[in-house]
Each structure stands twice: as C-alpha cells, then as structure tokens.
Amino acid sequence: MAADIREMSPIVKVRGLVRRFTLKGVLNGVDLDIRKGEFVALLGRSGSGKSTLLRALADLDREAVGSGEIVVPERLSVVFQDARLLPWKRVLDNVKLGLTGPDADVRARCALEDVELGGREASWPSELSGGEQQRVALARSLVREPEFLLADEPFGALDALTRIRMHELVRRLAARRRPAVLLVTHDVDEAIALADRAIVLDDGRVRADIPIAPLPLEPSLRETRRAALRSTLLELLGVGQDGGPLEPPAEPVDGAALRVLASSRPSPIVQLRLGTGEEVFG
Ligand SMILES: Nc1ncnc2c1ncn2[C@@H]1O[C@H](COP(=O)(O)OP(=O)(O)O)[C@@H](O)[C@H]1O
Ligand SMILES: [Mg+2]
C-alpha cells in the first residue's frame, strides 16, 4: 500500500505553518504532505502543538495567530477524545446530524453497521459505553465520506481492551474507505498498529518522518521491525522503553533494520527509510 501511495500527489499540503497564542510560538514552521488514502500518526510530547496543528488543519483555531499555507480537501471530518454526542438525540439522529438528501437515513444506518452498532439506532447516548459512544462519533464522521479524517487522541479515554478493538475497526474502515487520516496519539504502539507513517512534532516543527507500513509479513521479522520502530519513536519522544525519561542521546537503534540518519539538534526533518538504504533530509 505504501509504495503506490508515495506516487500520488498530496491532498493535504502544509507549508511554513506558524501558530502562537502568546509571544512564544507553538508551531514554528510546520511542513507536511499527506496523500490520498495515507494514514499518518502525529506524535509529540504533551504541549508540543499536536492539537494546535490538527485544529489549524480543520480551521478550528480562530483564537490562534500565525501564518503559512494550508491546503486540505473540502470534505473533512474531525473526531475528538470525547464523543461529543448530543444527549437529547438518539444514536441514529446523532449520526444523521446535518446530513441532507433522501438517502440520509440509509447512509446513517449503514455507517452504524460499519462501526458494529447496527440495532442501537434508537438508543440514547447515555445508554452506551464510552467505546460505543466513540464508535457513534466515528460513524458520524464516516457517514460524510471525508477525504480527510482528523482524529485527536480519539481512543485516549478508552480502556486498553476497548482501544485494541477500536484499532481493528479503524484499520478495517480506513482500508475500505481510504480517507487520508491524521491521527494524533501519544501512544507509540497505536501509531505502529495503525499508521503508514509517523511524524514527530518537536520545538514547533516536524522533527521526524518515519515510514511504518508495510511491515514484513513474516512474524519474527515483523516483530523485529516493530521493536525497532518502537525504540526509535520513544527515543524521539525522549522516553525510555520503561516509560522513564531517556538518558544520553542514544546510539542508532537497530543498525540492520533502520538507520537514524541525523539526531543532533537543531535539525532538519529526519526521514528514515526502513531497510531501503535511502536517506532524505528535508
Ligand atoms: N487556546 C489556547 N490559548 C492559549 N494557549 C494555548 C491554547 N491552546 C493551546 N495552547 C498552548 O499551546 C501549546 C500546545 O498545545 P497543544 O497543541 O494542545 O499541545 P498537544 O496537543 O501537543 O498536547 C501548549 O503550551 C498550550 O498551553
Ligand atoms: Mg492535544
């Protein structure tokens, strides 16, 4: 999947994006391309500007000032950490909200089937679990058939088991509907499980751009690659494998599987091409 995606021209294009709330900039020149059908995970420490970037792309950041170029498809949807359902509307009406056309009802019902909530159309949001509410929010986004889906830590409030089930669901839906996706997450394993590519925000810029998919099919190679990606991403986030802060700047992680091409700061974008030997500096 990743190989054909790289051929396509981007449908999301960000150049020199600057945003600040106070004198200190939050985003200091972000560049980003996302192609049709590409699933990008956006990682970064708390306060690194992930939500600020997502809100800028969704045109929800009227309180920020800044500059830069943003090109996004008209049909975009946003999912947040809380489902934001209207409590006085039934599940089906929450999904249908704002939909027009004679087939709105059928489309909303199909979207509920897609998130495995067929049969719950007449329920009230308060009758659903947190995971179910989040699935309704996902259905409400998908029913609009977005070309670009933005999600800000959408599974952050869910328990671990529910989150894993959501991952499977999202992976399936993304593969079928093929929107471009920008998923904000602080969970490295979530990024590896879902994304074609991970970008890491730091100091208001894209500090690293790391391809994830396709992972090798062979199970042990796959595990090795996952482990290498995991330590690279944790290192970039300044976190040790045990979750504690990382001590001295690390050696390149797994020389055979991947090479960290530039780790000194301040740095240009670091792009890692796993296993291909290609090296690109942005
Ligand atoms: N509406 C706002 N007003 C003032 N400061 C804000 C606002 N939104 C975010 N910030 C500040 O911008 C920085 C980045 O925030 P945010 O984008 O939410 O980070 P992240 O999502 O990566 O945790 C933080 O220092 C935060 O306090
Ligand atoms: Mg945030």
* To do: Give just the number: which of (1) part of a loop (DSSP other than H, G, I, E, B); (2) within 19 Å of Val79 (Cβ to Cβ) does Ala175 not satisfy?
  => (1)
* Within the range 4-19, identify whether any single residue is under 17 Å from the mean Cα position of the chain (by Cα), outside any strand (DSSP E or B) and within 16 Å of ligand 2 (Cβ to nearest atom), and answer yes or no. => no
* Structure fact -> Residues in the range 60-75 that are in a loop (DSSP other than H, G, I, E, B) and either within 15 Å of ligand 1 (Cβ to nearest atom) or surrounded by 12 or more Cβ atoms within 10 Å (Cβ to Cβ) (or both) total 8
* Which of (1) within 16 Å of ligand 2 (Cβ to nearest atom); (2) over 21 Å from Asp59 (Cβ atoms) does Gly204 not meet, given it meets every other one? -> (2)
* Taking the range 116-137 only, how many residues are under 26 Å from the mean Cα position of the chain (by Cα), closer than 17 Å to Lys89 by Cβ and assigned to a loop (DSSP other than H, G, I, E, B)? -> 2
* Asked: in contact (Cβ under 8 Å) with a residue 24 or more places away in the chain, under 19 Å from the mean Cα position of the chain (by Cα) and in the same structural domain as Arg177 (by TED's automatic domain parsing): does that describe Gly37?
  -> yes
* To do: Could you list all residues from the range 36-53 that are near ligand 2 (Cβ under 10 Å from one of its atoms), of a type outside the set (Gly, Ala, Ser) and not in a strand (DSSP E or B)?
  => Lys50, Thr52, Leu53
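The values are calculated or read from the model by the stated rules, or taken from the named source; none is laboratory data. Nothing here was measured: the structure is a model prediction, and the numbers come from that model. Glycine gets a Cβ as well: all are built from the backbone with ideal geometry, and neighbour counts include every protein chain shown.
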